[in-house]
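The values are calculated or read from the model by the stated rules, or taken from the named source; none is laboratory data. All values reported here derive from a predicted model rather than from experimental measurement. Every residue, glycine as well, gets a Cβ built from its backbone with ideal geometry; the counts of neighbours run over all protein chains shown. Accessible surface is based on the protein model in full, side chains and every heavy atom, while ligands, DNA and RNA are left aside. Shrake-Rupley method; radii C 1.70, N 1.55, O 1.52, S 1.80 Å.
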Amino acid sequence: MPVSELSPLEPFPVDVRGEKVVIPSRIFSDEPHAGAVGHLSGTEQLILRCLYSRHGDGRIRQRHLERILESDEPWVAPFVVRLAGEYVVEILEAIRRGLPGLDVPGSAQRRLYGEFISRNPSFFARTERRVVSYWSCYYRWKYPVFGTYPGSALVAAFRSAVGEQGGVLEPRHTPRPLSARDPLGR
């Protein structure tokens, strides 16, 4: 990674299968040129993409996110879940597209994310609160009902994945999901 004049911001710790992993909230290094990345192993490239998914530029975050979503490495999950709690709606949509197995009972993606979130309930609670906050601040005009906002479906899918793993996440930090009886989510 090229050296940056700005230091990484506010690292956050998570538990990945019993190991503490500390991830920077933001990095500011320029992206390395393609030739430098091409000499890295597949795992090294994946690590680099995960780190750049924490970049200060949303377009860079999204570009690298889209390259890590198909990974089944457990240490990728915190990078993806953290992005679910950010304000760029295109990133939320990219996560939903890139994790089709999240809605499939018994799928490897559902197990992976369910296990990670089960081990990190306070991290996920903060993610849920961020989803609601960004919806309310930036997107309520476009999605007047929380249940229609892309982040709502994403956190609901994460919650379902946790439930399939036998975990329970309480309390809920989002408005109630839409139901057939109450299509406005009241």
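One table, with the values for the structure above:
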item: Accessible area in square angstrom per residue, the chain, 1.4 angstrom probe; result: 53 Å²
item: Helical mean residue ellipticity (222 nm; -39500 (n - 2.57) per DSSP H run of 4+; nearest 500) of the chain; result: -14000 deg cm²/dmol
item: For ASP30, solvent-accessible area (1.4 Å; no DNA, RNA or ligand), Å²; result: 110 Å²
item: Amide H partners (placed H, <5 Å) of PHE12, local residues excluded; result: ILE23, SER25
item: Sparse-neighbourhood loop sites, trypsin sites (Lys or Arg not before Pro) in segment 69-142 - DSSP loop, at most 12 other Cβ within 10 angstrom; result: LYS142
item: GNM top mover of LEU40, LEU99, LEU48 - the chain, alpha-carbon springs below 10 Å; result: LEU40
item: Entry for Rg/Rh (Cα atoms, Kirkwood Rh) (calculated from the structure that is shown) out of (i) 1.04; (ii) 0.93; (iii) 0.97; result: (iii)
item: Selected from SER53, SER118, SER136 as most flexible by GNM, with the chain as the system and alpha-carbon contacts under 10 Å; result: SER136
